[in-house]
1. Note down the net charge around C:Arg151, summing +1 for each Lys or Arg and -1 for each Asp or Glu among other residues with Cβ under 14 Å from its Cβ.
2. Return one number: the angle in degrees, 0 to 90 and rounded to the nearest 10, between the long axis of the Cα atoms of helix A:178-195 and the longest principal axis of the Cα atoms of chain A.
3. Chain B: longest stretch without exposed chymotrypsin sites (Phe, Trp or Tyr not before Pro) (DSSP loop, at most 14 other Cβ within 10 Å), sites themselves excluded?
4. At a Förster radius of 60 Å, what calculated FRET efficiency corresponds to the Cβ-Cβ distance of C:Ile49 and B:Glu232, to the nearest 0.05?
5. Volume per residue, Å³, of the convex hull around the alpha-carbon atoms of the range A:152-210?
6. With an 8 Å Cα cut-off and a minimum separation of 6 or more residues, compute the relative contact order for the range B:1-136 in percent.
7. At a 1.4 Å probe, what is the % contribution of carbon and sulfur to the accessible area of the range B:140-221?
8. Ignoring ligands, DNA and RNA, what accessible area per residue does the protein assembly as shown give at 1.4 Å, in Å²?
Amino acid sequence: MATQLIQLTGVSKNYRKGRETVRVLDGISLGIDKGDFVGLMGPSGSGKTTLLNLLGGLDKPTEGLVEVDGRVISALSPGALAKWRSSNIGFIFQFYNLLPVLTAARNVALPLLLTSLPASRRKQHVNTALQLVGLTERASHYPRELSGGQEQRVAIARAIVSDPPILLCDEPTGDLDRSTADEIMDLLQRLNRDYGKTIVMVTHDPRAASFAHRVLHLDKGELGAPPEETPGAPGGTSP
Amino acid sequence: MFGWLTQTAALAALNLRSLPRRPGAAAVAMSGIAALTGVFAGVLSMASGFEKTMEGSGQEDVALVLRSGSTAELNSRFSSEQADVIRYAPGIVRDAAGEPRVSSELFWIVNAVGKSSGTEANVALRGIQPAGYALRKGYRLAEGREFTPGRFELIAGRGARNQFAGLEPGQMIRFGKTEWLVTGVFEAGGSVFESELWCDVNVLQSAYQLGSGFQVVRAQVDGAAGRARLEEALDGDQRLAVDVWSEEQFYSEQAEDTTALIRVIGIPISVLMAIGAIFATLNAMYASIAARARELATLRALGFGSLPAALATLLESVALALLGGVLGCAIAWLALNGFQASTLASSFSQVVFNFAVTPDLLAQGVTAALVVGLVGGVFPAVRAAMAPVTVALREL
Amino acid sequence: MNRFTLIWRNLWRKPIRTVFTMLAVLVVFFLFTVLEGLRIALSLSDVGIEAQERLLTSHKVSLIMMLPAAYQSRIARLPGVAAVSHGTWFGGRYQDNPEFAQYPVVAEEYLALNPEIKLSSAQRQAWLANRGGAIVGRPVASQYGWEVGDRVPLRSSIWTRNNGSNVWEFDIEGIFDDTDAGMNAGVVLFHYDYFDEARAFGKGTVGWYVSKGDGSMPIENLMASIDAEFENSPAETKTNTEAAFAQEYAQQFGNIGLIVTLILSAVVFMILLVTGHTMAQSVRERIHEMGVLKTLGFTSGSIFRLTVLEGLLLILPVGILAMALGRAALAFVSGAMGAMFPAGLHVGTQSVVLGLALMLAVSLGSVLPPVIRALKLDIVALLRTA
Ligand SMILES: Nc1ncnc2c1ncn2[C@@H]1O[C@H](COP(=O)(O)OP(=O)(O)O)[C@@H](O)[C@H]1O
Ligand SMILES: [Mg+2]
C-alpha cells in the first residue's frame, strides 16, 4: 500500500446544517496509484466535489486520514497546506474560474507568483503550458474574449504550469459541447499518458468517463461498484 | 408597442421599486448629496443670518450723524456743544412736548467673557439718552427693569445675555474700574442692538473719563426728505464737520465685509463639494446600472426602447438627489436654524446673530442637489441606453 | 507578471469606478488641505517665535482706548524690561480693498524690538531720512503692486488730519520680509512723529506698548509688574504676550472657525462614505476569486496583503497629490491676497499627518471588514459563492 500516491483511510465528512448534522462521506477508503486516471461519477449531491476538495487539501475530513505521497495532509496547518497545494495539486473547475482582470498568459502565470523563479523562467513556463494546450496565440486575450473551450484550456494550462503531479478536475466538460469536450478530454489524456499526471476527474458524462483507466461510483457517501443498467422505464410508476 | 412616455414610467417605477434591494449604492449617493446640501445651506444660512441681523437694525426714518469720514460709530467723536447744534437742527421730528426725538450716544467697547469660548470678547457698551429706546424698532423690556439714569446700571440685549457670562438681571459685572448692576434684559426685534449693553450716556462719560462729548447722534427724521433737510442744514454749519447717514444704509454697509468674507470662502467650497458629490453620484449610478444590466437587457430584448431606458436611469438619479437634497436641508434646518452665534463685526464688537435657514436657501440647496443628480445621472443614462442587448444578457 | 501586476489589474477591474473614486478623493483631500489652511490662518495660532517673547500692553478696558505716551518711560524704568516701544492702529484701507494693519511707530526702537523684520540697510537709511516715508511687508506690496519710490494714499477710518481729510499719503521707502512669517509680515510702518503732528485729535497718545524682558525674571512676573505700575491710574493696563493676544483676537471670530470645522467634518463624512462603500463593494465582488487564489496555493495572509495594498493604492497616491495641489492653491491665494493673509496660508506637519491618517482610515476602514469576513470563510465556502 505504501507505493500508492494517494491513500484515503476511513474518511468521513459531516456538514452541520443548522442543528442537523449531514454525513456527506461515510468511511471511505481508497488508494490511487501514481499515473492513474480515475473517473468519479455519482448523482448530484452525492459528495463528489467534497471528496475532491479533501484530496486537494481544500477541506479537512471529520474522521480518517488523507495521505498524499506519504504525508498526512489532513494534519497540515493552513499555511503549510497552501504551500503544499501550490506545488502538488492542479485544480480544474467546471466554470474555469479564471480571473477576469488578467489576460490568459497572466492567469497562467498566477501560480508562479508563489515560486521564487526568475521572471524569464516564469515566462518560459507560461509559454510551455500555453503551447501544450494549444493557445499560444491567445496569450494576451482576456477571459471574456475567449470561448468556453478556450477558457478551459487556459485553466488547464494554469493547473499544470507549476508542474504538480496531481490534477483534480471537477466536471471539466460540464459546460462544453460534445466536440469541445472531446478536445479537453484528449488534452487530459495526453497529460496523463505523456506527462505522467495523476488525474482524478469528477464527471456526469459517460463519454468523458470512458477516458479514465477506471471509474468509481459515489452514492450516498459511499463508494460502490458501477450500477447495472438501470431497470424500469421512466414514467413507469403511477400513483 | 406603447409610447416612450409610458415605457419610461414603467421602467422608472421598476427602478424605484428595486431601490430597497440595493440600499448601499442608493444610500451613498443620497448621503453624499445630503452632505453637500447641508454644507451649502449651513454656510449660506450663516451669511444670511448675519445679514438679516445687520439689515434689520437700521431704519429708514432714523438718521445717524457721525464725524465726517467715520465709517463706524467707534471712530466718531464730537463735543457736547456740537451735539446740541445737531439736536435742534431742522428735519428732526419732535414729540408732543416739542422736544426733538434725539439720542446722543457713546459707543464703547468692554471685555466680557464668552460663555462657550471662555475667553474675553469685545462687547459694545452703549450710552443712550431717554429718547434712545423709542428710536429702536421693536424695543421691549423682556426681564427686570430699565437702568436708573445717573446710576452705574445697565440693561443687556438678549443676544449679549445669552452669549456672555455675568449678564443675568441682578448680577454685578466689572468693566475696568467700574462695577455695574445688570437691571434687565431687552429685545430689539432681533437687531444688532440685542448684542449690546445699554446704560445712561452721562454715567458712561464719567465712568471712563470720556469727557462730555459723544460719538453719534441718532435722530428721528421725517423720511428721506427730512434727512435731506437735516443734511443740508448740518453741511452748511461752520461749527460741524459731519456726515448724515440713513441708519438703514449704515448697517447694511457694516454687514458687507463679513458677509462677503463668508461667501468668498463658502461658495467655492460648496462648488468643489458639489463636484465631489457628482463623482459620488456617478459611481452610485454606474453601480446601479451594472447591478441591473441583465434586467435592463431583458427588458430591451422584450422591446423597450433605449430612450426610455436612459430616461428612467436619469429619473432614478434625480430622485435620489432630490431625496438627498431634502435630507440635507432638513438636517441643516433642524441643526442650524436659529442657532445663535457671534462674531467680531466691523464695529470691532461682537454681533450676536441667528443662523437663518430661509425657504430661499432651502430652494437653492435642493436646486444644487438636482443639478448634481442630473449631471451625475446623464452619463450612466447614456450607458444604459447604449449597452448592446446581447452582451448585457451574456454577462454574468 | 508579478504581484504588483495582480494588484494593479485588480485596481482597474472597473476603470470608470476607479477613476470616479479617485476624482472624489482628489476633490475631497484638496478641500481638506485648503480648509485646514484657512482654519489655521483664522485661528492665528502660527504667529512666530518672536511673538512668544514680546509683551503687548494695552488699555485694560478696551483695545480701542488710547494710552498716554508718557507710559513709555515708566515701563522702561521697570526692573526686568530690556526695551519698550509702541504702536497705534491706523485703520486704513487702500482704494476699495479691506482694512489691513498699519502702525505709526518710532522707527529705530520698533525695528530693534522686531528683529524678524528684515530690511536692507540702504532702505532703512532712506526710511529714517524721510519723515513721510513708510516701509511695507512684501505680501502687501506684491498684492497692491507697490514699489520703492511709490507714493500711496491710505484712507483711515479713524484718524483725521489737521486739514480735515482722512486720506494720508506715504512714500514707500522700503519693502521688508518677516522671517517669522508672523504678525508683522503684512504691516505698513510709518513715523509716529509725523503722524502725531498731523492728526487732528488724540495727540500724545498711543494704542499699545511693545516690550521685551531682559531675561532676569519670568515673563509672567514681568507682565504683572507692568500692570501693577498703572493700577489705579486713569488708564489701567492689561499685558500679555503678543502670541496670546493674537489668539484672543482670533477667538473673537469664534463661530466662523466653528463653521469651517463643520464643513471639514461634512467633507470627511463624504469621503468616508463614497470611497468606503465603493471599495467595500469591489472587495465583495471578488470573494469567489479569493477562493480560486487559495486553491492555487495563495495563503490567506497573502490575499489579505494584496487586497489591502490595492486599497491603499487607490487612495494614497491621489490623496497625496490632492494635498500637494491644495498647498499650491494656498500658496497662490496667499500671494494674491497678501494683505488679508500676510503670514501666508500654510498647512503644517500636523495637518499633513491628519490627512494621511484620514487616507489610511478610509482605505483600511473600507477594505478590512469585507476582506476579514471573506478570509474567515474556508475555501469551500468561498468557492461556493457565486
Ligand atoms: N460547506 C457546506 N456546508 C453544508 N453542506 C454542504 C457543504 N458543502 C457541501 N454540502 C452538502 O454536501 C452534499 C454533497 O455536496 P457536493 O460534494 O458538492 O456534491 P456533488 O459534487 O456530488 O454534487 C450536498 O448535499 C451539499 O449540500
Ligand atoms: Mg459538485
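1. Working: positive: C:Arg131; negative: C:Glu147, C:Asp150, C:Glu169, C:Asp171, C:Glu173.
Its environment carries a net charge of -4.
2. 80
3. Values: sites that count: B:Phe2, B:Tyr88.
So the longest stretch without any such site is B:89-396.
4. Numbers: r = 57 Å, r/R0 = 0.95.
Efficiency, rounded to the nearest 0.05: 0.55.
5. On the way: hull volume 4.3 nm³, N = 59.
It is 73 Å³ per residue.
6. 12
7. Reported share for carbon and sulfur atoms: 47 percent.
8. Numbers: 42580 Å² over 1021 residues.
Here the per-residue accessible area is 42 Å².
The values are calculated or read from the model by the stated rules, or taken from the named source; none is laboratory data. Predicted model, so just to flag it, every value in this text is computed and none were measured. When we count neighbours, we look across all protein chains shown, and the Cβ atoms used for this are built from the backbone with ideal geometry, even at glycine. With ligands, DNA and RNA removed, areas are computed over all heavy atoms of the protein, side chains included. Shrake-Rupley method; radii C 1.70, N 1.55, O 1.52, S 1.80 Å.
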